[in-house]
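The values are calculated or read from the model by the stated rules, or taken from the named source; none is laboratory data. Predicted, not measured: the structure shown is a model, and the values here were computed from it. Cβ atoms come from the backbone with ideal geometry, glycine included; neighbour counts cover every protein chain shown. Protein only, heavy atoms only, side chains kept; ligands, DNA and RNA dropped before computing areas. Shrake-Rupley method; radii C 1.70, N 1.55, O 1.52, S 1.80 Å.
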2 protein chains.
Amino acid sequence: MARERKFSNRELYQATKELLLSHGYEGYTFTLLANQLDVSRAAIYKYYENKEELLSEYMLYELTNFLTKLKEVNKEKTFLDQFHALFDVIFDDMSLYQLREIGIQIPKVNKKVAMNKQKISHIITELYTSLQHFIDLGRHEKILRGDIPSNIVLGMIFQTVNIPNTEGISHQDWVNSMKDVICNGMFINE
Amino acid sequence: MARERKFSNRELYQATKELLLSHGYEGYTFTLLANQLDVSRAAIYKYYENKEELLSEYMLYELTNFLTKLKEVNKEKTFLDQFHALFDVIFDDMSLYQLREIGIQIPKVNKKVAMNKQKISHIITELYTSLQHFIDLGRHEKILRGDIPSNIVLGMIFQTVNIPNTEGISHQDWVNSMKDVICNGMFINE
DNA sequence: ATTCAAAGTTACACAAACGTAACTATTAGA
DNA sequence: TCTAATAGTTACGTTTGTGTAACTTTGAAT
């Protein structure tokens, strides 16, 4: 018994993501978002008290999605299968790393936001656990070097998505080169 | 025949850098900067018409510095010497890559800014030329693999500085692990 | 067809950042 | 010591974003 909504949650999250990536956390405003969604700014306040609340929910949504995908990756039997699956996931959504950085900036302006931030930390812990399993498997299978800190292994893998492909190399070639360098390095062997 | 200045260019650039890294391009304001420098906001308008002008000059300063350092790197005789020198330069100033991204966002609000942006592009071209020499040398010396796009070689090297060292590994160990992975990869050989 | 709850809009008051004009302060040199 | 040039401040109007209240619109259920 209500009027039809002019924008779905999905559209809102999509617009939010674009605005966050183009304008950053401080540049993200309800005015911009409302224009993007073609509604009045006040309409958004029907659902969220302020941008911190909206953004913390959005982050939660994004990270929960990623955790689900990551758990799928962990189901692969061998380390190499997981490795390729992880790359597929990362390159499917090229912006996770930047968004996580933004999440850290959100101040706890009310109880709801504080709760969301807590949930976010929790999910990030789960993400790390999941990723640690991946690394442990690689070491156990004697494929992944044991002398490199997990931090660096994960950092390198996740940072690759931020490298701009300015020379218009095809997606497949790009990803393959990236994997190659990560696995074998950029120096010629012996 | 004038009054002494309350802040030097150097202090202004230092404060600008910190504010840019903590608040991002859109979060950077003259109000924040003035507080940081302990002067009134209006004082800054004596030197810069607006933040775009200030930031474009700052970027120019930062990139010119970097280009100078990079030319020093290019003076090293062997590829390996250049490689290590480049890492020293990059890890000495951990923020160049993020700042370059910010530079792209500056809109050309007046002639001066437009001119600065043009100079910035020019310097970036020089940077790439300089880096290309580095890569060419590595390939010529048969140390650097020839089948990896220059793009990826440079991207990987520069992105490493953005990996957060959360586990408090010592700087030296950290940099060495990073180099090791870049050179030889994270997989065990054969 | 009527009702009413949720969706949406308009309009207002408030706060923060911007840019400028008119002022005061400092200091080297005539 | 007087002056001119530069540094800095105060104060104002403007713009942009925020949050809310009072309103209208829509559409499924009765």
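The number of residues in the range B:156-178 that are assigned to a loop (DSSP other than H, G, I, E, B), among the hydroxyl-bearing types (S, T, Y) and within 7 Å of chain A (Cβ to nearest Cβ) comes to 1.
Residue pairs whose Cβ atoms lie under 6 Å apart, sitting 6 or more positions apart in sequence or on different chains, and linking a residue in the range A:24-46 that is within 14 Å of chain B (Cβ to nearest Cβ) and closer than 30 Å to B:L21 by Cα to a partner that is within 12 Å of DNA strand C (Cβ to nearest atom) and assigned to a helix (DSSP H, G or I), are A:G24/B:E26; A:E26/B:H23; A:E26/B:E26; A:E26/B:G27; A:G27/B:E26; A:T31/A:R41. Applying the condition of being of a type outside the set (D, E, K, R) and without any contact (Cβ under 8 Å) to a residue 40 or more places away in the chain to the range A:55-72 and asking which residue is least open to solvent (accessible area, probe 1.4 Å) yields A:N65.
Scanning the range B:13-23 for residues that are within 14 Å of chain A (Cβ to nearest Cβ) and open to solvent by 20 Å² or more (accessible area, probe 1.4 Å) turns up B:L21, B:S22, B:H23. Of all residues in the range A:127-149, those satisfying the criterion of being facing another protein chain (nearest Cβ under 8 Å) and either of a type in the set (V, I, T) or under 22 Å from the mean Cα position of the chain (by Cα) (or both) are A:I143, A:I148, A:P149.
Cβ separations smaller than 7 Å between residues 6+ apart or across chains give the following pairs from the range A:73-92 residues that are assigned to a helix (DSSP H, G or I) to residues that are crowded, with 18+ Cβ neighbours inside 10 Å and polar (S, T, N, Q): A:V73/A:Q82; A:N74/A:Q82. Output the residue which, of all residues in the range A:41-54 that are part of a loop (DSSP other than H, G, I, E, B) and near DNA strand D (Cβ under 8 Å from one of its atoms), is most open to solvent (accessible area, probe 1.4 Å). Among them, the one singled out is A:E49. Residues that are buried (at least 18 other Cβ atoms within 10 Å of the Cβ) and touching a residue at least 12 places away in the same chain (Cβ under 8 Å) within the range A:136-162 comprise A:L137, A:G138, A:L144, A:V153, A:L154, A:M156, A:I157, A:F158, A:Q159, A:T160, A:V161, listed in sequence order. Among the conditions (1) part of a loop (DSSP other than H, G, I, E, B); (2) within 16 Å of DNA strand C (Cβ to nearest atom); (3) at pLDDT 95 or above, the only one that B:V109 does not satisfy is (3). Of all the numbered requirements in (1) on the phi > 0 side of the Ramachandran plot; (2) of a type outside the set (F, W, Y); (3) modelled with pLDDT of 95 or more, A:V73 misses one, and that requirement is (1). Answer with yes or no whether B:I123 is part of a helix (DSSP H, G or I), more than 7 Å from chain A (Cβ to nearest Cβ), within 25 Å of B:N65 (Cα to Cα) and not charged (D, E, K, R). Yes: the conditions hold for B:I123. With respect to being more than 14 Å from chain A (Cβ to nearest Cβ) and more than 9 Å from DNA strand C (Cβ to nearest atom), B:L63 fits the description. Evaluation of A:R10 against the conditions (1) open to solvent by 80 Å² or more (accessible area, probe 1.4 Å); (2) of a type outside the set (G, A, S); (3) within 13 Å of DNA strand D (Cβ to nearest atom) shows that the sole unmet condition is (3). Across the range A:24-36, what is the number of residues that are open to solvent by 20 Å² or more (accessible area, probe 1.4 Å) and either away from DNA strand C (no atom under 16 Å from the Cβ) or not hydroxyl-bearing (S, T, Y) (or both)? Final tally of qualifying residues: 5. Among the conditions (1) of a type in the set (S, T, N, Q); (2) open to solvent by 20 Å² or more (accessible area, probe 1.4 Å); (3) touching a residue at least 24 places away in the same chain (Cβ under 8 Å), the only one that B:T166 does not satisfy is (3). Residues considered: B:V153, B:V181. Of these, the only one that is under 18 Å from B:L70 (Cβ atoms), modelled with pLDDT of 95 or more, in a helix (DSSP H, G or I) and at the interface with chain A (Cβ under 7 Å from one of its Cβ atoms) is B:V153.
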